[in-house]
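*Asks:* Shown below is the structure under consideration.
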Amino acid sequence: MRLRSLPHFRALFLLLAIAVPALISVQEARGDGYDMTGEHIGEEPTQQQSNGGGWLSEIRIGYFAHDVDAVSFNRENGNDFNGELIFDSPDNQIFRDIYAPRLRFGTTINDSDNTSHVYGGLLWDTEIWNGSGFFEFGLGGAVHDGETYTYERDRKSLGSRVLFHLSAGIGINVTPSNNISLYLEHISNGYLADPNEGMDNVGIRYGLRFD
C-alpha cells in the first residue's frame, strides 16, 4: 500500500463522524414511532407508505470543488456539476429494518474534462434543530470515466472502473419543500484493486422536495 494513498482514509473517517450521530438520531426517532423523515410508522400508514415507495421524492442539484485536498490529495482540477433524483423508501420489511433509506441516482460531471461519474445507492437522513435542518449519509456504487491507472501527474489512478460511493451532508430546510446543504462525496475502490487513490468532491446543493 503506497503512502500517498493513505490520506483519503480521512474522508472515510469524516463521513463516519457525520453518519454515526445521524444514524443514532434515526434510531431514536424510530423508537418514538416515527421514521427518518418524521412520518408516523404506526398502525396508520402515510400516503407515501401506502404508495409502496418508488415515487420521486426529491431533486437535488449542486456545484462542487473537484478532487479537493482537504480530506485527500489533489491531482485533478476544475469544478463539478451534480444532479440527483431521490425516490421514496420502498415499503417493505427489508428497508424498514435498515431505517428506511431512500433510493438515489445521480451524476457528477467535471467541467474540465477530468473524472466524472454516475452513481446510485441508499440515502439515510434525519431531522435536526427541531426540523429546521438535517443530516444525511449515503452509501452505494459509482461508475467513472476517469483513469484506472495512469502516469499523468494531473490525473487520478482510481484502480477500477466500478467504485464505492459514499457521501455525507448537513443542510437547512429553507421551506418545507426547499433546502440547501453542504455536501461531501467520496469515491474509491476500497482497496479491492490497486492503485486506490480515491477522490473527494465538496460543495453546495439545492434540493426540491415533493413529499
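The values are calculated or read from the model by the stated rules, or taken from the named source; none is laboratory data. Only a predicted model underlies this, so the values are computations on that prediction, with no experimental measurement involved. Note that we place each Cβ from the backbone using ideal geometry, even for glycine, and neighbour counts take in every protein chain shown.
*Asks:* Go through segment 170-211 residue by residue and tally those that are at negative phi and part of a loop (DSSP other than H, G, I, E, B).
*Replies:* Total meeting the criteria: 11.
*Asks:* Looking at segment 124-140, can you tell me whether even one residue there is hydroxyl-bearing (Ser, Thr, Tyr) and within 14 Å of residue 201 (Cα to Cα)?
*Replies:* So the first thing to find is which residues in segment 124-140 are hydroxyl-bearing (Ser, Thr, Tyr), and the list is 126, 132.
Restricting the remaining residues to those that are within 14 Å of residue 201 (Cα to Cα) gives none.
Among the residues of segment 124-140, not one is hydroxyl-bearing (Ser, Thr, Tyr) and within 14 Å of residue 201 (Cα to Cα), which makes the answer no.
*Asks:* Got at least one residue in segment 156-166 being in contact with a His (Cβ under 7 Å, 6 or more places away or on another chain) and of a type in the set (Phe, Trp, Tyr)?
*Replies:* no
*Asks:* OK, next. Can you name every residue in segment 118-177 that is of a type in the set (Phe, Trp, Tyr) and either closer than 20 Å to residue 209 by Cα or under 19 Å from the mean Cα position of the chain (by Cα) (or both)?
*Replies:* 119, 124, 129, 134, 135, 137, 164, listed by residue number.
*Asks:* Which one of these is out of contact with any His (no Cβ under 9 Å at 6 or more places or on another chain), surrounded by 21 or more Cβ atoms within 10 Å (Cβ to Cβ) and either modelled with pLDDT of 95 or more or of a type in the set (A, V, I, L, M, F, W, C) (or both): 181, 177? Spell out the reasoning first.
*Replies:* Numbers: 177 fails: surrounded by 21 or more Cβ atoms within 10 Å (Cβ to Cβ).
After applying the criteria, what remains is 181.
*Asks:* Then there is this: Restricting attention to segment 173-198, report how many residues are touching a helix residue (DSSP H, G or I) at 6+ places or on another chain (Cβ under 8 Å) and within 24 Å of residue 63 (Cβ to Cβ). Quick ask: steps written out before the conclusion?
*Replies:* Of all residues in segment 173-198, those touching a helix residue (DSSP H, G or I) at 6+ places or on another chain (Cβ under 8 Å) come to 173, 184, 186, 188, 195-198.
So of that shortlist, the ones also within 24 Å of residue 63 (Cβ to Cβ) come out as 173, 184, 186, 188, 197-198.
So the count comes out to 6.
*Asks:* With (1) surrounded by fewer than 14 Cβ atoms within 10 Å (Cβ to Cβ); (2) at pLDDT 95 or above as the list, and residue 153 as the residue in question, which single condition is left unmet?
*Replies:* Of the numbered conditions (1) surrounded by fewer than 14 Cβ atoms within 10 Å (Cβ to Cβ); (2) at pLDDT 95 or above, the odd one out for residue 153 is (2).
To keep it simple, each residue is scored yes or no on (1) of a type in the set (Val, Ile, Thr); (2) touching a strand residue (DSSP E or B) at 6+ places or on another chain (Cβ under 9 Å); (3) closer than 30 Å to residue 130 by Cβ; (4) crowded, with 22+ Cβ neighbours inside 10 Å.
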site	(1), (2), (3), (4)
146	no, yes, no, no
165	no, yes, no, yes
173	no, yes, yes, no
190	no, yes, no, no
199	no, yes, no, yes
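*Asks:* Among the residues of segment 157-169, write down those that are in a loop (DSSP other than H, G, I, E, B), on the phi < 0 side of the Ramachandran plot and touching a Phe, Trp or Tyr at 6+ places or on another chain (Cβ under 9 Å). Lay out the reasoning, then the answer.
*Replies:* Initial filter on segment 157-169 (in a loop (DSSP other than H, G, I, E, B)): 158-161.
Checking which are on the phi < 0 side of the Ramachandran plot leaves us with 158, 160-161.
Selection gives 158 alone.
*Asks:* Same structure again: Check segment 119-142 and report whether any residue there is under 14 Å from residue 67 (Cα atoms), surrounded by 19 or more Cβ atoms within 10 Å (Cβ to Cβ) and modelled with pLDDT of 95 or more. Write out each step before concluding.
*Replies:* Kept after step one, since they are under 14 Å from residue 67 (Cα atoms), are these residues of segment 119-142: none.
Scanning segment 119-142, I find no residue that is under 14 Å from residue 67 (Cα atoms), surrounded by 19 or more Cβ atoms within 10 Å (Cβ to Cβ) and modelled with pLDDT of 95 or more, so the answer is no.
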